[in-house]
Amino acid sequence: MSNQNTSTGYLVVSVSTARTAIPLENALVTVYSISDTGSSELIYNVRTNRSGQTAPLPLPAPPISNSLSPNQPFPYARYSVRVDYDGFYPVTSSDLTIFPDIVATLPVFLVPLEEFQNTGEPQVRNFPNHGLNTAKE
Amino acid sequence: MPLPFIPETITVHLGSPKSNARNVTVPFPDYIKNVASSEIYPTWPESAIRANMYAQISFALNRVYTEWYPSQGYDFDITNVTAFDQAYVHDRDIFDNISRIADELFTDYIVRSGSVEPLFAQYCNGTTVTCDGLSQWGTVPLAEQGLTPYEILTRFYGDDIEIVTDTPVVPNLGTYPGKALRLGDVNEDVRTIQLRLNRISTNYPLIPKIYPVNRAYDKSTENAVKVFQQTFGLTPDGIVGKATWYRIAYLYTAIKRLAELNSEGLSLQDVSPLYPGLLKFGDSGEAVKLMQYYLSVVGAYYSEIPVIDDDGFFGTKTQNAVIAAQKLFGLTPDGIVGEQTWNALYSAYLSIVDSDPNARTPEGIPVFPGRILIEGMSGDDVEQAQTFLSFLSSVYSEIPQIPVTGYFGEMTKDAVIAAQKLFGLNITGTIGPATWDILAREYETAVMGAKVAEQQFPGYTLQNNQEGM
């Protein structure tokens, strides 16, 4: 629940192709919050720099005490990210785990579309719940 | 059994061992960063993070060292299922503090005193699951009490453990020289770093060029190192310690590989891409080589496809790569290249080649001309070799400067001998395939490293009457 997120974590999205060999400038990065009801809200719409990276984006996160002892609910906040770049398959990644005062970097490796395509189905990456998060939310 | 080493990459099966899941092959430090980010929380005290990471590294190295899965006939090193191994979530977000620690720790592991084998360091969360090994949650209060990572580990694994440090990374990466490079140092390792950073900065132009490349760790070098460190999540102290050394090595290797594939592509561009007939394990020849080339290019973009040599021989490694590609394309993973597999491979290759986003892929470097060049010969190939040597002499003072005339005279021979000495080749004074190959690679690194992009700091200040870059 969003009223738990009284602290701030940070997200950097790093976009490249050929798995880091070629960084992609001006990739469109969209960050969404994820609520328990499954609805998402757009928080950021930014572009990457010449090294393929966004600035560190501040995101609401729960207090640090939630992740320092077991069985606390909401040890982290969850977000999803979509990356678009002309000529490449879009990628959506969720759920990202954002902790207070920690910078998380999401590496996004894009692959080119087929020669005859202008757009393609986004490649979807779904990350499971963190293994330590055994508390029921 | 030989001594343990750090594998440059590790192949992870994304499912339980018997399942038909994909494998991914990733750099070992990246694997550890991912495991740590997936197994523990980054908010924990640093001592607890380090203790957990030693266990995670040792566990993985034990699997690699004992060849646990390959000895059972599997084509991977480890799985990402916690019932069998440890958590790994492919392409997940990585925590910067965990990343920095992993860059430092990934060459270190736990052993039982008197043993060389990396400890099979079992662990569990310590709350819903208890075990005879490290308790993940148990490390937190111990760290808060001020215990060091080693002390925390002895609590769970006993006193008779030691931590082995600075293990070599094998096979291609080279080994950290053992002493950090910093402002004021003058030596060979500094030049290696300067050349590599310049080559990396051609793809990442926010990193300024280093000029001159002269083995001296000056302000220009320190500046480039700092920007590199900032870009790749390392402590930006301007000193090339172990973590920075290996990060430079990994990135340089990736960029170089792409450049070499590009060169190879130019030499193959007249070769017909039509399906050459069935290719399978045991075959050899030009068609196999072409197929390996397409596989290599696609593999540079997909971690599912492991790296192979384009040697024209369809062996086990090639077969595994074919199977990986077939899984990727949704085809029957039988390791045989029939028409469907060939066409899917070629199509994926084409889409990559056409994608060149900013036309920044490097020009090709000519391949060995097919005749050994010796004193007295003339031709375009001699002129090309002289071009290599002439440019390299501006970087390596060991190589004398020579005029580029197209005639292989005594000066050229002296330059060849100097280059062969420098690069550890047989000193013949003639240019065969091995010498050509080294000269071409060094030239590509140096010449591409010297290319300055728009708005990139070239490493020196332009004078009033100089042309802008």
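The values are calculated or read from the model by the stated rules, or taken from the named source; none is laboratory data. Not measured: the values here are computed from a predicted model. When we count neighbours, we look across all protein chains shown, and the Cβ atoms used for this are built from the backbone with ideal geometry, even at glycine. The area values use the complete protein model at the heavy-atom level, side chains included, leaving out ligands, DNA and RNA. Shrake-Rupley method; radii C 1.70, N 1.55, O 1.52, S 1.80 Å.
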Note: probe point = Cα of residue A:86 + 7 Å toward Cβ; backbone nitrogen < 17 Å; residues of the range A:28-64 passing the test are A:28-29, A:47-50
To the nearest 10 degrees, the tilt of helix B:433-450 (Cα long axis) against the first principal axis of the alpha carbons of chain B is 80 degrees
Taking a label point 7 Å from the Cα of residue A:117 along Cα-to-Cβ, the residues of the range B:283-303 whose backbone nitrogen sits under 19 Å from it are B:295, B:297-303
Among beta bridges assigned by DSSP with both residues in the protein assembly as shown, the antiparallel ones amount in percent, to the nearest 5, to 70 percent
In this structure, the FRET efficiency calculated for residue B:434 and residue B:151 from their beta-carbon separation, with R0 = 51 Å, to the nearest 0.05, is 0.50
In the neighbourhood of residue A:122 defined by beta carbon distances under 9 Å, the net charge of the other residues (Lys, Arg +1; Asp, Glu -1) is -1
Karplus-derived 3J(HN,Hα) from phi for the range A:33-49 (6.51 cos²θ - 1.76 cosθ + 1.60, θ = phi - 60°), whole Hz, x at Gly and Pro, runs 8, 10, 9, 4, 7, x, 7, 10, 10, 6, 10, 9, 9, 10, 10, 7, 8
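Just the number, please: carbon plus sulfur as a percent of the accessible area of the range B:151-290, 1.4 Å probe, no ligands or DNA/RNA counted.
That share works out to 52 percent.
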Rounded to whole angstroms and listed largest first, the alpha-carbon spread of the protein assembly as shown along its three principal axes comes to 80, 59, 55
Residue-normalised value, i.e. accessible area per residue, for the range A:7-123 at 1.4 Å probe, in Å², stands at 39 Å²
Residue B:332 and residue B:267 label points (each 7 Å along its Cα→Cβ direction) are spaced in nm at 3.6 nm
Which residues qualify? For residue B:93, with a placed amide H closer than 5 Å and at least 5 residues away or on another chain, they are A:97
In degrees rounded to 10, the 0-90 angle between helix B:380-393 Cα long axis and the longest Cα principal axis of chain B is 60 degrees
Of the listed links B:33/B:327; B:256/B:289; B:219/B:451; B:280/B:327; B:179/B:421; B:219/B:242, those spanning more than 23 angstrom between alpha carbons are B:33/B:327; B:179/B:421
Along the dipole axis of the protein assembly as shown (charges at Cβ: +1 for Lys and Arg, -1 for Asp and Glu; origin at the Cα centre), the most positive-end residue among B:68, B:439, B:140 is B:140
Looking at the range A:8-24, residues buried by 30 Å² or more relative to their chain on its own, accessible surface at probe 1.4 Å, turn out to be A:18, A:19, A:20, A:21, A:22, A:23
Taking a straight Cα-to-Cα line shorter than 20 Å from residue B:18, and setting aside same-chain aspartates and glutamates fewer than 8 residues away, one finds B:67, B:75, B:77, B:85, B:304, B:334
In degrees rounded to 10, the 0-90 angle between helix B:96-105 Cα long axis and the longest Cα principal axis of chain B is 80 degrees
The base-10 log of I(q)/I(0) that the Debye equation returns for the range A:7-123 at q = 0.18, 0.21 Å⁻¹, one scatterer per C-alpha, is -0.90, -1.11
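Give me the summed buried accessible area for the A-B pair, 1.4 Å probe, to the nearest 100 Å².
About 4100 Å² of accessible surface is lost on pairing.
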Taking alpha-carbon centroids only, the range B:284-361 lies from the range A:86-122 a number of Å equal to 23 Å
Computed from the beta carbon distance with a Förster radius of 22 Å, FRET efficiency for residue A:43 and residue A:134 to the nearest 0.05 stands at 0.20
Under the Karplus relation with 6.51, -1.76 and 1.60 and θ = phi - 60°, whole-Hz ³J(HN,Hα) for the range B:314-329, x at Gly and Pro, equal 7, x, 4, 4, 5, 4, 4, 5, 5, 4, 4, 5, 4, 4, 4, 8
